[in-house]
Amino acid sequence: MTQHVSVIVGSLRGGSFARKIANNIIPLFPDGVEARIVEIRDLPLYNFDYDDPAVPEVATPASYTAFRDTIKASDGVLFVTPENNRTIPACVKNAVDIGSKPNSDVSWTGLPVGIISHSVGRMGGYSSQKNLRLALSYFDMPTVGQPEVFLSTSPELFAGGETIVRESTVEYLRDYVTRLVAVMDAQSRD
Ligand SMILES: Cc1cc2nc3c(=O)[nH]c(=O)nc-3n(C[C@H](O)[C@H](O)[C@H](O)COP(=O)(O)O)c2cc1C
C-alpha cells in the first residue's frame, strides 16, 4: 500500500531555496512512498471565528478543510523551511495553527514528522527549526530525532541551478528521508 507524505514548504517566493530543497528531496523517498508539496500560500490567516461554533455566521474556509483533510490522510509530514527573524515564517505558523483546530480533530496528532531548515547564512535556520519543534510539541508527533538537518549557505547547494550538486548532501538527505519512513513504519504498526 502506498504511503503518503505531505511536504510543507515554508516560503512563498518563486525562487525559494526551501522549495528547491523540497523538490530535490521528494525523489529520494523509496518506492511505495509518495511525497508531494501541499501548498499553503492561499490559506487565510488563522481566525478562530472560522472554527468557533459560537460564531456560526463565519464559515470555515474550504481551503482550511482541504488542507486539514490532506494532512489527516497523510502517513507523514516533512517541513522544509527557512528562518524569518529567528523563528518560523508566518506561513508555516499559520499552517500549524490551522491544522491544530478544531480541538476535537487536530490534523497533526500522532503524525510522523521530519523537519529540515535552511538559511542563506551559516546557521542553517537553527532557530526556525527549534521554534517549529516547539510549536509541534503539543501534538504528540513521532519525530526524526537525529540528525537535525540544518542546511547552511543554501544558494551554494545549487551552484546556480535547480539540483543539489554535492553527492554527499544528497546522500545525507536520502538517509534523513529513510529515517522518516522508518518512523512512519513504526507508527503504522502501532
Ligand atoms: C523577513 C525576513 C527575515 C529573515 N530572517 C532571517 C533569519 O532570522 N535568519 C536567517 O538565517 N535568515 C533570515 N532571512 C534570510 C532568509 O534565510 C533568506 O531570504 C532565504 O532565502 C529565505 O528562504 P527561501 O529562499 O526558501 O525563500 C530572512 C529573510 C526575510 C525576508
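The figures follow:
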{"quantity": "P(r) histogram, all alpha-carbon pairs of the chain included - 5 Å bins from 0, percent", "calculated": "1, 8, 17, 21, 21, 15, 10, 5, 2, 1, 0"}
{"quantity": "Alpha carbon convex hull of region 1-42, volume per residue in cubic angstrom", "calculated": "54"}
{"quantity": "Principal-axis tilt of helix 126-136 within the chain, Cα atoms, nearest 10 degrees", "calculated": "30"}
{"quantity": "Carbon plus sulfur fraction of accessible area for the chain, probe 1.4 Å, in percent", "calculated": "51"}
{"quantity": "Over the chain: helical MRE at 222 nm, DSSP H runs n ≥ 4 each giving -39500 (n - 2.57), nearest 500", "calculated": "-11000 deg cm²/dmol"}
{"quantity": "Long-range HN-HN contacts of residue 154 with modeled amide H, under 5 Å", "calculated": "119, 120, 121"}
{"quantity": "Accessible area per residue, Å², region 3-186 with all protein chains present, probe 1.4 Å", "calculated": "47"}
{"quantity": "Charge dipole magnitude, Cβ of K and R +1, D and E -1 - region 3-186, Cα centre, debye nearest 20", "calculated": "580"}
{"quantity": "Amide H partners (placed H, <5 Å) of residue 78, local residues excluded", "calculated": "6, 7, 8, 114"}
{"quantity": "Karplus (6.51, -1.76, 1.60) ³J(HN,Hα), θ = phi - 60°, over region 10-26, in Hz, Gly and Pro reported as x", "calculated": "x, 8, 9, 7, x, x, 3, 5, 4, 5, 4, 4, 4, 5, 7, 7, 3"}
{"quantity": "D_trans [Stokes-Einstein, Kirkwood Rh over alpha-carbon pairs] for region 76-147, 20 °C, 1.002 mPa s, µm² s⁻¹", "calculated": "172"}
{"quantity": "Beta bridge orientation in the chain: antiparallel %, DSSP, nearest 5", "calculated": "5"}
{"quantity": "3J(HN,Hα) from dihedral phi, region 151-161, Karplus parametrisation 6.51/-1.76/1.60, rounded to Hz, x for glycine, proline", "calculated": "8, 9, 6, 4, x, 5, 4, 10, 6, x, x"}
{"quantity": "Under 5 Å, built H, 5+ apart or other chain: amide partners of residue 35", "calculated": "5"}
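The values are calculated or read from the model by the stated rules, or taken from the named source; none is laboratory data. What you see is a predicted model, and the numbers here were worked out from it, not measured in a lab. Note: ideal-geometry Cβ built from the backbone for every residue, glycine included; neighbour counts use all protein chains shown. Protein only, heavy atoms only, side chains kept; ligands, DNA and RNA dropped before computing areas. Shrake-Rupley method; radii C 1.70, N 1.55, O 1.52, S 1.80 Å.
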